[in-house]
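A quick write-up on the structure given underneath.
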Amino acid sequence: MTALTLLITVGFISPIMITSASGSTEGVQFICENSGEGLSAVDVLSATGDHDVFLDYLREYDPEGYEILTDPALSDKTIWAPTDEAFEKLGDDPDNASQEEIKAVLGFHITPPRRTPEGPYPIVTFEYLADGGQIVHETRTGILTESDQRVRTKVEDGIFTVQDVRIGSTAWCTQAGSIFSIDEVITEVATPS
């Protein structure tokens, strides 16, 4: 297996090159300016320019969740952020949904930090996903509704997916979490039996 280089940008000037032995992270990059210091999820999502609709919906339908994501210290979540184009694909569907249904859909895209008895896991990166194979993640919706709704990520033939939706090739860190871009809105998550 050949080593590959995963680029992590620190600041705007000097990138840090991290070498990984995992061949399934080829062609992806994890951008982490100044180790995410001081960056909230809202800061990062706003800076991408591709997630304005997601932020607008969060602000309107889950103001508490939005407020949490403005705090760098509380941005220890993994966010599977649909692009603006992903919301366009929904057409009029959001107009026909209740506020609670929209809030639930938004919550499918936010997973709280993973924890072990020894403490929190490191932030989720492409390498973490590749090394984990198929991983089950709790969702904000599951926590708020006290249900067991979870999303699954997997890596197959070098393609990263969450709930069978392809994850974009660039991800970003916050002060304590990560953001992955997806090109579809996850509208349904089954409760595991």
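Bear in mind these aren't lab numbers, they're just calculated from the coordinates by the rules spelled out. Remember, it's a predicted structure, so these values are computed and weren't measured experimentally. Cβ coordinates were reconstructed from backbone atoms using ideal geometry, including for glycine residues, and neighbour counts include every protein chain displayed.
Under the rule of at least 5 residues apart or a separate chain, name every residue whose amide H is placed under 5 Å from the amide H of I182.
Those lying under 5 Å, H to H, from I182 are A81, T83, G168.
Rounded to the nearest 0.05, what FRET efficiency is calculated for S147 and S46 with R0 set to 22 Å and r the Cβ-Cβ distance? Mind showing how you got there, number by number?
Working: r = 30 Å, r/R0 = 1.37.
Once rounded, the FRET efficiency stands at 0.15.
Where a Cα-Cα gap under 24 Å defines reach, which lysines qualify for K154, not counting those fewer than 8 residues away within the same chain?
K77, K89
On full extension of the chain, what length is gained from E101 through T161, given 0.36 nm per residue of separation minus the C-alpha to C-alpha distance? Before the final figure, lay out each step's value.
Working: separation 60, 0.36 × 60 = 21.60 nm, distance 2.32 nm.
Full extension of this stretch gives 19.3 nm more.
What trypsin sites (Lys or Arg not before Pro) in the stretch 24-111 are in a loop by DSSP, with at most 15 other Cβ atoms within 10 Å of the Cβ? Could you put the intermediate results ahead of the total?
Details: sites: R59, K77, K89, K103; in loops: K77, K89.
For trypsin sites (Lys or Arg not before Pro) across the stretch 24-111 that sit outside H, G, I, E and B with at most 15 neighbouring Cβ atoms in 10 Å, the list reads K89.
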